[in-house]
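K.L.:
What follows is a single structure, and I will ask about it in a moment.
Every number here is computed from the coordinates shown, using simple stated rules; none is lab data. All figures in this text were calculated on a predicted structure; none of them were measured in a lab. Counting neighbours? That spans all protein chains shown, and the Cβs are built from the backbone with ideal geometry, glycine included.
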Amino acid sequence: MLSVEHLPVLIVVISLLSAFTIFIAGWLNKRFCWFISFATILVQLVMAVFILHHVLTVGTIHYWLGGWSPPWGIEYVVDALNAYVLVILLFLALICVTYSKRSIAHELPYKIVPFYTVYQLLVTGLCGVTVTGDIFNMYVFIEIFSLSAYALIASRGKIALKASFTYLVLGSIGACFFLLGIGFLYSVTGTLNMHDLSLLLPPLYGNKIVLTAFGFFTVGLSIKMALFPLHTWLPDAHSFAPSEISAMLSGIIIEVSTYAFIRVCFSVYTLNFIKLLPIFDILCWIAALGIIIGSVLAIAQYNLKRMLAYSSVSQMGYIMLAVGLSTSTHHALWGGLNPALMHILNHALMKGCLFLVAGAFIYKADLWNITDFTGLGRKMPYTCAAFVLAAISMIGVPPTVGFVSKLYIILASLEAGKFIFVAVMLLSSLLNLVYFWRVIEMLYMRREEGEEHSSSSKNEIPLSMLIPVLTLASLCIIVGVLWLTEIPIPILDQVNALFGLGRYATP
Amino acid sequence: MEWLLEEILAKYNYWISITIMLIGFYAMIAKDNLIKKLVGLSIFQTAIFLFFISLADIGPIPRGTAPIVSEAMMHKGYVYVNPLPHVLILTAIVVSVATLAVALALVIRMYEEYGTIEETEIIEEERELGV
């Protein structure tokens, strides 16, 4: 019987092997690619669920690669935070791969084999970043998923190439800063293991090298997660990538980078370091700026995917605002990292759904611009219903997931005594309403000229694309209700307990 | 002035790697040609490798030798360099080669599509396409 302790490494290894299997099997028959990719990610998801269960019931999993004990060998550490992110990322990866079967055959018919090979490498990189407990290993996995993402964005050719190139240059700078930060920490401590670093660093917190390293980590990862002033690569990359990759980029890739940031802040550096400097206060203000400016820029867009991309910039602001507030809140429900982690899941569901719907419009009618969407609500009723569900979720109508995140972030800012952020959240909800209502109005309220009589002609997307979209849309409600019933809170509570945040904070 | 010179000489390896890094950074920001941008990126990455490699040799003035343990060397006052940064950089070089390969492939495809590798011209052409 395979013990759960081996699963963290298996998740990464299976995925990597599968990438090359897909490449070889693709030579024999193109149809194998999708099946292998789907089966691998399904197995990975099941493993991730087992890991989450094990972590919650037994405790943190430590896996030593090659049997070398840390701090000499590479160690994979899975605690509640990793396991939670791992389940989310594999779930969305599964949704996207299901959706991609028909859509890739339509959009990139000659690139099916490379698409699934690189897609599987992307999943490998994302899983690797999530499970690793070694900071250099994290850098390597960050580069693996970034390189896969560059290639996948470029796969549509023409305009996407420029978007991918910009992302590549900026992403490489970000990764290099991360590497430089690692070099600085290594030069003062001589170790790369995260746990070991967190033990050796506290006496050195005043050291300029340690402070500079934190600066490099923050800026490097901010580029990767498209935090407001460093978001310039994101709109192009998101709008020109194939739709399922846009969903992955927005729902998972930038959030795994956020996870990496949270990991560096609380596992490599600790709460005591964060409290030494006003880092998180500054972060809150930057995030608040990002929320407002992202929303305003989204209103100015006519291309649906571009609008969603700018909306992602503002949503990353929500997550970082919640991270920034995490050190000053102590309530059992909205204290600590709870709102941030909640929004990681919520954003993955909402934005995943919206990008997949945008992909459906492109698949069915090659429609990119909001002004062309007149009357689609009658032609594609289920897809548009999913869009409306996800859109009202973004606006924050109860009991959707968006409402829960906003409620908890507002309660957290009230507890922290930062009333200005309450105003920012309310204003951003209003702006969300403006730019999503515009789309909903086009879908349902307007009628095309001469459409009156032909309105019965339905033209729905294939079932293999519709099911993922509807799953995500219904989860927007179901998960929202689950959050409100407080059933999944113990998972987040364990994360707070690990880092000494929220109600576990020492006064 | 003297203290500044001393400061620079004592830590010359760091000064050199930071200078090279900034040269690469400048090229990435200021150059219009995409290949030159990539050359800048390469310089930038190489500077970080240099930083790591110079970290490895932290021995006293008779600098350390290769970290190969042999019977004869065991008993003398034998100083060797830290091999770990070298190993890390070996990995980082592989990563940077992969990045460069992807980037060059992108530039080739862009040249096929647009007939130019000047960034401003590509942006102009994009504008004409109405994006």
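K.L.:
Can you figure out the FRET efficiency of residue A:292 with residue A:414, using R₀ = 22 Å and their beta-carbon distance, to the nearest 0.05? Don't jump to the answer; show the numbers that get you there.
P.N.:
Details: r = 19 Å, r/R0 = 0.87.
Given R0 = 22 Å and the Cβ-Cβ separation, E is 0.70.
K.L.:
Let me have the relative contact order for chain B, percent, based on Cα pairs under 8 Å that are six or more residues apart.
P.N.:
22
K.L.:
What's the local net charge at residue A:432, with K and R +1, D and E -1, over the other residues with C-beta under 14 Å away?
P.N.:
Details: positive: A:351, A:406, A:438; negative: none.
Net charge around residue A:432: +3.
K.L.:
Among rounded, prolate and oblate, which fits the protein assembly as shown when a ≥ b ≥ c are the square roots of the eigenvalues of its C-alpha gyration tensor, a/c under 1.5 means rounded, and a/b larger than b/c means prolate? If you can, show how the numbers build up before the last one.
P.N.:
Working: a/c = 1.63, a/b = 1.41, b/c = 1.16.
Judged from the Cα gyration tensor, the protein assembly as shown comes out prolate (a/c at least 1.5, a/b above b/c).
K.L.:
Using alpha carbons only, how many degrees (0 to 90, rounded to 10) separate the axis of helix A:463-485 from the longest principal axis of chain A?
P.N.:
Approximately 50 degrees, to the nearest ten.
K.L.:
Semi-axes of the equivalent ellipsoid for the range B:2-129, please: Cα gyration tensor eigenvalues, times 5, square-rooted, ordered largest first, whole Å.
P.N.:
Working: eigenvalues 354, 79, 9 Å².
Values for the range B:2-129, descending: 42, 20, 7 Å.
K.L.:
Along the range A:224-241, what does the Karplus equation 6.51 cos²θ - 1.76 cosθ + 1.60 (θ = phi - 60°) give for ³J(HN,Hα), rounded to whole Hz, x for Gly and Pro?
P.N.:
Result, rounded to whole Hz: 5, 9, 6, 5, 2, x, 10, 8, 4, 6, 5, x, 5, 4, 5, 7, 9, 6.
K.L.:
What net charge is computed for the residues neighbouring residue A:176, neighbours being all others with C-beta under 15 Å from the C-beta of residue A:176, Lys and Arg scored +1, Asp and Glu -1?
P.N.:
Details: positive: A:224, B:37; negative: A:143.
Combined, the nearby Lys, Arg, Asp and Glu give +1.
K.L.:
Identify all lysines with a Cα-Cα distance to residue A:208 below 28 Å; exclude those on the same chain that are fewer than 8 residues away in sequence.
P.N.:
A:224, A:275, B:11
K.L.:
Ok, one more. With θ set to phi - 60°, apply the Karplus curve 6.51 cos²θ - 1.76 cosθ + 1.60 along the range A:244-258 and write out the HN-Hα couplings as whole Hz, x wherever there is a Gly or Pro.
P.N.:
5, 6, 4, 5, 5, 4, 6, x, 10, 4, 5, 7, 5, 5, 5
K.L.:
Quick check for you: which residues of the range A:137-160 have the amide N under 18 Å from the point 7 Å beyond the Cα of residue B:113 toward its beta carbon?
P.N.:
Once the point is set 7 Å along Cα→Cβ of residue B:113, A:147-160 turn out to lie under 18 Å by backbone N, inside the range A:137-160.
K.L.:
Could I ask something else about it? What FRET efficiency would be calculated for the residue pair residue A:503, residue A:438, taking the C-beta separation as r and a Förster radius of 30 Å, to the nearest 0.05? Walk me through the numbers on the way to the answer.
P.N.:
On the way: r = 42 Å, r/R0 = 1.38.
FRET efficiency, residue A:503 to residue A:438: 0.10.
K.L.:
Once the cut-off is 23 Å, how many percent of the Cα-Cα pairs in the range A:280-435 end up in the long-distance tail?
P.N.:
For the range A:280-435, the fraction of Cα-Cα distances above 23 Å is 36 percent.
K.L.:
For the range A:8-24, just list the computed ³J(HN,Hα) in residue order, Karplus coefficients 6.51, -1.76 and 1.60, θ = phi - 60°, integers in Hz, with x standing in for Gly and Pro.
P.N.:
Each residue's phi maps through the Karplus curve to give x, 6, 5, 4, 6, 5, 4, 5, 5, 5, 4, 4, 7, 4, 4, 4, 6 Hz.
K.L.:
Given +1 on the Cβ of Lys and Arg, -1 on the Cβ of Asp and Glu, and no further charges, what dipole in debye does the range B:2-129 carry about its Cα centre, rounded to the nearest 20? Spell out each step's value before the answer.
P.N.:
Working: 8 positive and 15 negative charges, 159 e Å.
I would put it at about 760 debye.
K.L.:
Expressed as a rounded percentage, what relative contact order does the range A:282-362 have, with Cα pairs under 8 Å and six or more residues apart? Walk me through the intermediate numbers first.
P.N.:
On the way: 85 pairs, mean separation 23.0, N = 81.
Rounded, it is 28 percent for the range A:282-362.
K.L.:
Okay, next question. For labels at residue B:12 and residue A:276 in the simple 7 Å Cα→Cβ model, what's the distance in nm?
P.N.:
3.2
K.L.:
Count, for each residue of B:96-103, the Cβ atoms from other chains sitting within 10 Å of its Cβ, then give me the mean as a whole number. Please report the intermediate quantities before stating the final value.
P.N.:
Details: counts 5, 0, 3, 10, 2, 1, 10, 7.
For peptide B:96-103, the averaged partner shielding equals 5.
K.L.:
Among A:437, A:17, A:492, pick out the residue whose Cα is farthest towards the positive end of the charge dipole of the protein assembly as shown, where Lys and Arg carry +1 and Asp and Glu carry -1 on C-beta, about the Cα centre.
P.N.:
In the protein assembly as shown, that residue is A:437.
K.L.:
How high is the relative contact order of chain A, given as a whole-number percent (alpha carbon pairs under 8 Å, six or more residues apart)? Walk me through the intermediate numbers first.
P.N.:
Working: 841 pairs, mean separation 73.4, N = 507.
Reported as a whole number, the value is 14 percent.
K.L.:
Pick from B:121, B:113, B:71: which residue has the top mean-square fluctuation in a GNM of chain B where Cα pairs under 10 Å get a spring?
P.N.:
Between B:121, B:113, B:71, it is B:71 that shows the largest mean-square fluctuation.
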